[in-house]
Structure formats: structure tokens, C-alpha cells
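Written below as C-alpha cells is the structure these notes are about.
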Amino acid sequence: MHEWALAEAIVDYITKVSSGKKRFKRVTVKLGELQSIDEEILRFSINEILKADGIHVKELRFEKVPAIFRCRNCGYEWSLKDMEMDEEIKELIHFVPEAVHTYFKCPKCGSRDFEIVGGRGVYVVEVIPE
Ligand SMILES: [Zn+2]
């Protein structure tokens, strides 16, 4: 289970940076748009692990990080929502971000030589003790 492993890593991180504190006002986690994460499952998993570890987090906040692409040819930057695509391709891209190169090209110059500069990965950006 993808979300469960992520949840373990997140709780692990919280434990490490807070030197054993057990009560937190807020924890904020950024989720890349290109990661296929079910937020509800992730939230549930984190809460279960926190409970088992005797840690209390008042507010667990998720923030979506939009996917950003940058053309290596002309430098143009665009986001996933600027592109028109059907649901099937959207799904595929969530599982295999590299597949974007097969389906897209730079909206400005038409080059397929572009990089993904945002929207990948999951990271904890804020751990505020109570
Ligand atoms: Zn371009």
C-alpha cells in the first residue's frame, strides 16, 4: 500500500524533527499533483500511525503542489491544467509521470524536450508543536 508507506515515512519524519514531542498544533504536508495519492487514505493512515505512537496532531493539513513543466527549447513554463487531455491520459500520467513526453509538447514552440519542474514528490513543510 502506497499511502501507508508514505504515512509511515511522514510520521517518522515528524518524530525525528520534533525530538520526542507528542503534541502538535499543526503539521503540513505538500503533495505533488503528479503523485497518485488518495488523500483520504493517506490521512487515515497517518492518523492510525500517530494514534499507535501516542502522538496527537490537532490539524493535519495537505497542500497540493501543481505540476509545472518547462520547455528546454524556449523556456516556456506551463501547468497540467493548461493542457487539454482526456481522463485516461490524465490517469496514466499520474502513474507514470515520464509518459508526459509521449503525449505532450511545448504549447508555445512544439518541442517535446521539456522537463517536469514541479508537482513530484511528497514532503513535510511544517511541524508546529503545541
Ligand atoms: Zn518551447
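We did not get these values from a lab; they are worked out from the coordinates using the rules stated. These figures come from a predicted structure and were not determined experimentally. We place every Cβ from the backbone using ideal geometry, glycine too, and count neighbours over all the protein chains shown.
In order along the stretch 26-31, the phi-based Karplus estimate (6.51 cos²θ - 1.76 cosθ + 1.60, θ = phi - 60°) of 3J(HN,Hα) comes to 8, 10, 10, 10, 8, 10 Hz; Gly and Pro are listed as x. Under a 5 Å amide H cut-off, with hydrogens placed 1.01 Å from N, Y76 pairs with C71 among residues at least 5 apart or on other chains. A simple spin-label model places pseudo-atoms 7 Å from Cα toward Cβ; at E130 and I89 they are separated by 4.9 nm.
Remark: the stretch 115-128, residue by residue, has Karplus-estimated 3J(HN,Hα) of 10, 8, 9, x, x, 10, x, 9, 8, 7, 10, 8, 10, 10 Hz, where x stands for each Gly or Pro and the curve is 6.51 cos²θ - 1.76 cosθ + 1.60 at θ = phi - 60°.
Summed over qualifying helices (DSSP H, 4 residues or more, each -39500 (n - 2.57)) and divided by its residue number, the chain shows a 222 nm mean residue ellipticity of -10000 deg cm²/dmol.
Gain on full extension, evaluated as 0.36 nm per residue between R70 and H101 minus their Cα-Cα distance, stands at 10.0 nm. Over the chain, Cα pairs under 8 Å with separation of 6+ residues give a relative contact order of 39 percent.
Look at the alpha carbon pairs under 8 Å that are at least 6 residues apart: their mean separation over the length of the stretch 68-118 gives a relative contact order of 51 percent.
Taking amide hydrogens as placed 1.01 Å from N in the peptide plane, the amide H of R112 sits under 5 Å from those of C106, each at least 5 positions away in sequence or on another chain.
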